[in-house]
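J.: Below is a structure I'd like to ask you about.
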Amino acid sequence: MISPALSAARDKTPHAARTRDEKTSADESITAWALAARSGDPEAVENFVRALHRDVRHYVTYLSADPQAADDLAQDTFLRALGSLHRFEGRSSARTWLLSIARRAVIDRYRYTSARPRLADTDDWQTAAECAQPRGLPGFDDGIALAELLEALPDERREAFVLTQLIGLPYAEAAEISNCPVGTVRSRVARARSSLIQSLHDAQRAEPVGAAA
């Protein structure tokens, strides 16, 4: 039984600290599964894929700005990862390692389709926006599709925003995935937030005109 004193002390732990501890513990478990999966442990493989599938799908959805391709990109990411597990040594978290692979999968898709015009898919914008809403940005529940707003951002800012604000990675891990300094990631996120807020304000000012029409 937990003593009242211990329970009270636990309740005084800052929420942010608990969240960081929980994330660290989860990342350690996921990395352990990845290492165990190298030897072909089917349960470890299943746990590894299940734990990171949501993050990978969200990341490739917003980075590619193509919700219709998200499932294929996520599948491609895991196929690449499972084929490369023998080279994973746990020097970084398995989450960071896997999202780096996802980034390469998206880049390869861009290269493959660069010669063809990309049609805008709007039917699945709402589905793509079902992930956790960006913290500190009001107005995303006003019927404006988040995917549409993110698609208007430059690629580097969209990636930094998705990694830190939607998936919740620390800036240092986002910098490792993006292969750039931490300060650059912070700058990109700040500019992305400013652009998104400005887009919201512009849309809100335009609403009466649209309603009148």
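J.: Within segment 59-91, count every residue that is open to solvent by less than 30 Å² (accessible area, probe 1.4 Å) and either part of a helix (DSSP H, G or I) or touching a Gly at 6+ places or on another chain (Cβ under 6 Å) (or both).
T.: Result for segment 59-91: 16.
J.: So Ala8 fits all but one of (1) loosely packed, with under 15 Cβ neighbours inside 10 Å; (2) modelled with pLDDT of 85 or more; what number is the exception?
T.: Tallying (1) loosely packed, with under 15 Cβ neighbours inside 10 Å; (2) modelled with pLDDT of 85 or more, Ala8 fails exactly one: (2).
J.: Next question. Just name the residue that is surrounded by the most Cβ atoms within 10 Å (Cβ to Cβ) out of those in segment 167-186 that are in contact with a Phe, Trp or Tyr (Cβ under 7 Å, 6 or more places away or on another chain) and in contact (Cβ under 8 Å) with a residue 12 or more places away in the chain.
T.: Checking each candidate, the answer is Val185.
J.: Could you tell me which of the residues Ala65, Ala69, Ala81, Ala132 is more than 20 Å from Ser29 (Cβ to Cβ), small (Gly, Ala, Ser) and modelled with pLDDT of 85 or more?
T.: Checking each option against the conditions leaves just Ala69.
The values are calculated or read from the model by the stated rules, or taken from the named source; none is laboratory data. All values derive from a computational prediction rather than experimental measurement. Because the Cβ atoms are built from the backbone with ideal geometry, glycine has one as well, and the counts that use them run over all protein chains shown. All accessible areas refer to the heavy atoms of the entire protein, side chains included, with ligands and DNA or RNA removed. Shrake-Rupley method; radii C 1.70, N 1.55, O 1.52, S 1.80 Å.
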